[in-house]
Amino acid sequence: MSAMNGVPTLQLASESWDSDADEILVCQAVREETHDVKTFMLKPLSPRRFSYQPGQFMTYSFEIGGETIHRCYTISAAPTRPDTISLTVKRVPNGPVSNWLHDNLKPGVRLKALGPMGDFTCFSHPAARYLFLSGGSGITPLMSMARTFHDLADPKDIVFVHSARTSADIIFRDELEMMARLNPNFRFAPVVEAVTPHAPSSGLRGRLSTPMLSLIAPDFLTREIFVCGPAPYMAAVRAMLEAAGFDMKRYHEESFNFAELTKSEQSEVLVAEVAENLDVPVKTFKVEFTKTRRSIEVPENMFVLEAAKRAGMRLPSSCTQGMCGTCKSKKVSGSVDMTHQGGIRQREIDAGMVLLCCSKPTSDLVIER
Ligand SMILES: Cc1cc2nc3c(=O)[nH]c(=O)nc-3n(C[C@H](O)[C@H](O)[C@H](O)COP(=O)(O)OP(=O)(O)OC[C@H]3O[C@@H](n4cnc5c(N)ncnc54)[C@H](O)[C@@H]3O)c2cc1C
Ligand code: FES
């Protein structure tokens with residue numbers, strides 16, 4: 001870094017962040033959003049420009065209590081400001097990583113990250129009118145989208161509805177109100193569930209309902225809808241929109257817990273089950289796990305993680321779609337057919353790592369787990 005009169009000069013990045021080669025991010029600043037939500041601004045160790053689509057996430061790995069733990073966090077910043085990224089994290093009671101971040105991630109602390117990845121983005125679904133519905137920390141991908149349109153001075157008509165417990169829990173409130181003040185095409189409607197003495201009435205009260213939504217956005221049936229929030233919130237929104245006759249092809253949602261199996265995985269599992277039930281001979285391979293000293297038989301058409309789960313093993317996993325990197329393990333010997341979606345780098349594959357959630361055995365295997 002060059003210096004002028006002893007003061008370091010500012011330098012914007014000219015090189016791009018390459019997920020295959022770059023992984024270290026340094027915390028630059030911490031911002032308190034609410035009593036239990038913080039935003040962490042991160043910068044690559046060497047200046048790099050990020051290129052991503054608003055709504056995408058990164059997977060971070062943490063060393064906590066002698067263990068490596070992976071978690072995904074949406075990039076709450078906008079790609080229009082490419083030199084830094086940010087994650088906005090809500091403290092989850094007893095959650096190891098969210099509490100570690102709140103208590104330990106300070107300027108200067110380094111993190112390892114993989115990504116960006118994910119396909120929850122308005123860029124894949126261009127529309128003239130959007131409706132963003134968020135609950136709690138599910139606001140982050142929608143905030144990235146709103147910030148992007150705002151920075152681009154894009155005239156899209158956006159209604160941004162955010163449901164929070166009380167008005168003290170509304171994340172990014174000042175910024176969303178500022179966007180609404182500056183842009184007549186952007187409307188912000190906070191909805192609060194409860195009123196407390198610390199957080200007096202503000203915005204609409206209650207849970208999001210069809211009459212409430214009709215009041216906020218009478219034309220909601222004509223909009224492209226993006227939703228992110230806790231599972232019960234998203235289930236309620238889905239049911240509400242279906243009942244209102246919304247064309248669900250224009251409905252897009254992101255879950256923060258990857259709980260559901262994808263259709264393709266279900267069909268893989270099904271193939272194995274149908275074969276089992278029909279007594280069709282299915283070739284199996286022996287998979288040995290060195291640390292847990294377990295050995296299981298895995299059908300050739302089943303992912304190793306799925307087979308291990310069925311055998312009662314508890315291996316780390318999150319997305320089960322080859323995206324997040326949580327199930328990354330060292331393959332000591334043998335070969336697999338792996339169909340990942342960005343959750344592993346080429347150099348890691350070259351070094352013998354595999355993602356167990358999306359790898360089918362093509363020979364006997366020894367895995368370091
Ligand atoms: C694609 C993706 C993007 C994500 N983006 C964000 C984000 O922008 N901001 C953010 O705060 N989190 C986000 N998460 C959730 C995040 O990865 C962690 O799960 C969360 O921080 C809790 O981690 P933990 O280790 O503290 O607790 P965990 O051990 O993971 O969770 C403890 C318990 O809390 C539940 N839980 C997890 N997250 C929440 C939550 N946000 N609110 C209430 N209960 C929860 C879990 O289901 C579990 O039962 C995202 C997850 C995914 C998959
Ligand atoms: S569990 Fe996410 S990549 Fe395997």
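The values are calculated or read from the model by the stated rules, or taken from the named source; none is laboratory data. As the structure is a computational prediction, the values presented were derived from the model and not from experiment. So basically every Cβ, Gly included, is an ideal-geometry build from the backbone, and we count neighbours across all protein chains shown.
Residue check: LYS43 meets all listed conditions (1) in a strand (DSSP E or B); (2) crowded, with 16+ Cβ neighbours inside 10 Å; (3) in contact (Cβ under 8 Å) with a residue 60 or more places away in the chain but one, namely (3).
Within segment 329-369, restricting attention to residues that are basic (Lys, Arg) and farther than 22 Å from LYS286 by Cα, the residue that is surrounded by the fewest Cβ atoms within 10 Å (Cβ to Cβ) is ARG347.
Residues are listed down the side, and each one gets a yes or a no for (1) closer than 21 Å to ALA164 by Cβ; (2) among the aliphatic types (A, V, I, L, M); (3) assigned to a strand (DSSP E or B):
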residue	(1), (2), (3)
MET58	no, yes, yes
GLU63	no, no, yes
VAL97	no, yes, no
ASP103	no, no, no
PRO107	no, no, no
PHE123	no, no, no
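For ALA78, the criteria (1) outside the structural domain of ALA21 (by TED's automatic domain parsing); (2) within 15 Å of PHE57 (Cβ to Cβ); (3) touching a helix residue (DSSP H, G or I) at 6+ places or on another chain (Cβ under 7 Å) hold in every case but one, which is (1). For segment 51-95, taking the residues that are surrounded by fewer than 21 Cβ atoms within 10 Å (Cβ to Cβ), more than 16 Å from ligand 2 (Cβ to nearest atom) and of a type in the set (A, V, I, L, M, F, W, C), the one that is modelled with the highest pLDDT is identified as VAL92. Restricting attention to segment 97-129, the residues that are under 30 Å from LEU221 (Cβ atoms) and not polar (S, T, N, Q) total 10.
The residue list ASN94, ASN104, ASN99 contains one member that is more than 8 Å from ligand 1 (Cβ to nearest atom) and polar (S, T, N, Q), which is ASN104.
In segment 140-156 there is at least one residue matching the filter, namely being farther than 19 Å from SER76 by Cα and of a type outside the set (A, V, I, L, M). Of all residues in segment 117-142, those satisfying the criterion of being of a type outside the set (Phe, Trp, Tyr) and surrounded by 23 or more Cβ atoms within 10 Å (Cβ to Cβ) are GLY118, CYS122, LEU131, LEU133, SER134, GLY135, SER137, GLY138, ILE139, THR140, PRO141, LEU142. The number of residues in segment 193-229 that are at pLDDT 95 or above and either β-branched (Val, Ile, Thr) or within 16 Å of ligand 1 (Cβ to nearest atom) (or both) comes to 8.
When ASP169 is tested against (1) loosely packed, with under 13 Cβ neighbours inside 10 Å; (2) touching a residue at least 60 places away in the same chain (Cβ under 8 Å), just one condition goes unmet, and that condition is (1).
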